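The structure appears right after this line, and notes come after that.
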Amino acid sequence: MSQESEWYATLIKPSWAPPEWLFGPVWTVLYIVIAVTFSAIAYRFWKGQISFRVFLPFMLNIIFNLSFSPIQFGLRNNWLAAIDIVLVWATLVWALMVIRPLVLWIAYANVPYLLWVSFASILQFSITWLNRA
């Protein structure tokens, strides 16, 4: 067990928290979806088919998403991780709102990501609150 896993295991979690082993498979599937849809967006941006205004929330979402684990497990900072996950959720909602009228399949493909981040946000806020002392 890594130090990060050991630290996470010591945190108080709500009774409805999923088992730790579930996060890896879920994020693996979601990262495949994210990679495919982000690549499609980046390609359209590169070709001049979409504006920077449409590309920006996807780019920010990737940055905030990839920042979560170093914040949560590297810094071991639940409060900062809670702020970061709000930024992941907000940029994802923004991204889906701007891409939906242009490329519908990308919006639909990211619905599972939105649902998981919504759940993960509630979980993160619960863990942050339960471990506030």
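None of the figures in this text is laboratory data; all of them are computed from the coordinates on show. Model, not experiment: these values are computed from the prediction. Neighbour counts are summed over all protein chains in view; Cβ atoms, including those assigned to glycine, are modelled from backbone coordinates with ideal geometry.
Ellipsoid fit via the Cα gyration tensor, the stretch 46-133: semi-axes of 28, 14, 8 Å, each the root of five times an eigenvalue, largest first. The residues neighbouring Phe125, those whose beta-carbon lies less than 13 Å from its own, together hold a net charge of +1 under the Lys/Arg +1, Asp/Glu -1 convention.
Measuring nothing but how far apart in sequence close Cα pairs (under 8 Å, 6+ apart) lie, relative to its length, the chain scores a relative contact order of 32 percent. Which of Tyr113, Leu102, Ile83 sits closest to the plus end of the dipole of the chain, meaning its Cα is farthest towards the positive end, when Lys and Arg get +1 and Asp and Glu get -1 on the C-beta? It is Leu102. Taken about its Cα centre, the chain carries a charge dipole of about 440 debye when Lys and Arg each add +1 at the Cβ and Asp and Glu each add -1 at the Cβ.
In this rough spin-label picture, where each label sits 7 Å from Cα along the Cβ direction, the Leu56-Leu123 distance is 3.2 nm. Among residues other than Val54 whose Cβ falls under 14 Å from its Cβ, what is the net charge (Lys/Arg +1, Asp/Glu -1)? Neighbourhood net charge equals +4. Between Gln3 and Trp21, the contour length at 0.36 nm per residue exceeds the alpha carbon distance by 4.9 nm. Would you give the gap between the C-alpha center of the stretch 3-28 and the C-alpha center of the stretch 57-107, rounded to a whole Å? Answer, in whole Å: 19.
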